[in-house]
1. Ser362 fails exactly one of the following numbered conditions: (1) touching a Lys or Arg at 6+ places or on another chain (Cβ under 7 Å); (2) farther than 24 Å from Lys441 by Cβ. What is the number of that condition?
2. Looking for something crowded, with 20+ Cβ neighbours inside 10 Å, at pLDDT below 95, in the same structural domain as Asn80 (by TED's automatic domain parsing) and in contact with a Pro (Cβ under 8 Å, 6 or more places away or on another chain) - is there at least one such residue anywhere in segment 159-168?
3. I'd like to check which strands (runs of 3 or more DSSP E) are fully inside segment 1-117 and have at least 3 residues that are over 17 Å from Ala189 (Cβ atoms) and not acidic (Asp, Glu).
4. Identify all residues within segment 364-402 that are among the hydrophobic types (A, V, I, L, M, F, W, C), farther than 27 Å from Ser209 by Cα and assigned to a helix (DSSP H, G or I); write none if there are none.
5. If you go through segment 416-437, how many residues are farther than 20 Å from Val382 by Cβ and either outside any loop (DSSP other than H, G, I, E, B) or aromatic (Phe, Trp, Tyr) (or both)?
6. Which one of Ser209, Ser200 is more than 16 Å from Cys255 (Cα to Cα) and buried (at least 20 other Cβ atoms within 10 Å of the Cβ)?
7. Of the residues that sit in segment 240-260 and are over 15 Å from Pro188 (Cα atoms) and either touching a strand residue (DSSP E or B) at 6+ places or on another chain (Cβ under 8 Å) or modelled with pLDDT under 95 (or both), which one is surrounded by the fewest Cβ atoms within 10 Å (Cβ to Cβ)?
8. Output the residues belonging to segment 338-357 that are under 23 Å from the mean Cα position of the chain (by Cα) and not hydrophobic (A, V, I, L, M, F, W, C).
Amino acid sequence: MKVLLIVPPKTCQRSGSIKSHNVPLGLAYLAATLEKAGHEVKIVDAIVNGIDCVTDIDEEFVQVGDDSLIEKAMKDFNPNLVGISCMFTAFKNDAFRVAEIVKKINRETLVVMGGAHVSANPTEVANQPYVDAAIYGEGEVTIVEIANGKQFQEIKGMAFKSGRSKRGKVIVTEPRELIKNLDDIPFPARHLLDMEKYFSLPKTSYPFSMRYPIIEIVSSRGCPGKCVFCAVHTIWGRCWRARSAKNVVDEVEFCINKYGVKEINFTDDNISLSKGRLVDICKEIIRRGLDIRWQTPNGIAIWTLDKEVLVWMKKSGYYRAKFGLESGSPRTQKYIGKNIDLEHAKKVIRECNKLGIWTASSFIIGFPDETLGDINDSIKFVKSTHLDFARFLVAQPYAGTDLYDDFFEAGLLQETKESSVFYSTYDTKHFKAAQLRALRKSAQRKFLLSRIWLYLNPIYFFSEFIPKISSREKFAYSYRSFFKLVFGSD
């Protein structure tokens, strides 16, 4: 088959980082697997290839990306199968609109949709008038079976309308087993993407990076955690599978040689669950003499870290630890489902600082029953740590999460405008959405002021800040980061 994979344009707030966009690794993995199975594949990323096409929607929202790129690809490539990425609930209408574009050009083209939103809502997506099928869970094997012409009802991990009519009954097949050996999956088909365009985008996706160009790599899939706000289990389940250290570093080395990459962002959900594997990755990077910097922007589980593993990480080029502490309130921690030892967290943060590793964490407010006291406890905790950066967010009840169910049961899932962690439109039991937005900004300002006072403390400055500026590169990075901290916080 000829298969066209599409990243739709996105509708977003004009006040946000509208030109922030990363390589669509999910589609690149599907493309690599399809190519391995003998199919002809093309990827159209309508955002990165149409990044300068910004269309006004209303006073608050714009569309970034170019629909005409999809129309042209449909006519020039004439695919038998089109796969559309729908990763986020906030962008689902963009994906549905692209499905309509495809069908209007050629109604015989088979249109399937996949991604995190689809995995959380396969029936809803399959019931859309221009979508023939929804892929839920891990998609590599499923899309190959579709391309091979297997009957829908015989394919696991699918939702589709019987008879493919616009009003057909939706049939959901049984879940697909997860791929056991991730080393069997080929590296993402980055050769089907214009990588230079991703490298040339404004550095808004990873503003606190040390080196450019940057590439994303996923070394493991899944997380056994049960965080109330996370929907990753809808794709990977609640188990954790990992690629071998050799396989991971093979991809690192390939990207260095092929694309001149100087920094790696490991975007795993839980890269450090196996301490031994993580140390092996670090040792393999060192053994091969790879001059690379790396970080974990999606977060790293702070409870898995100790001095030994941090030393190996530092030696192999790790320079910035991003944690998902989420709250400094024990009551909120219990609700979230993390129950992190906050005193251990403080120790790990200080150990990182002494090793010269920058530290950052996200914190979430706005859970359904969270009180002002809980939020203040969280702010107090953040100020007591020696974190270099903290980003406050407002909880969002995404479909597929326990948080969604809690909002629903509390009667808080009213129809809202497009909502985000930075501009939430959801009320809670104790706050209106506008109050939460104001509290988020206030918490951000309080953290910033606490950092300025911390930098003036000579004991902290010499024991935990000086190690971060021990070379010209590190000094330049700290200079850039300081200005982003002061002038980039909102």
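The values are calculated or read from the model by the stated rules, or taken from the named source; none is laboratory data. Quantities reported herein were computed from a predicted structural model and do not represent experimental measurements. Here the Cβ is made from the backbone with ideal geometry for all residues, glycine too, and neighbour counts use every protein chain on show.
1. Among (1) touching a Lys or Arg at 6+ places or on another chain (Cβ under 7 Å); (2) farther than 24 Å from Lys441 by Cβ, Ser362 violates only (2).
2. no
3. 10-13, 61-64, 110-114
4. Leu372, Ile375 - these are the residues of segment 364-402 that are among the hydrophobic types (A, V, I, L, M, F, W, C), farther than 27 Å from Ser209 by Cα and assigned to a helix (DSSP H, G or I).
5. Going through segment 416-437 one residue at a time, the tally reaches 4.
6. Criteria check complete, one pass: Ser209.
7. Among them, the one singled out is Arg241.
8. Correct list: Lys338, Asn339.
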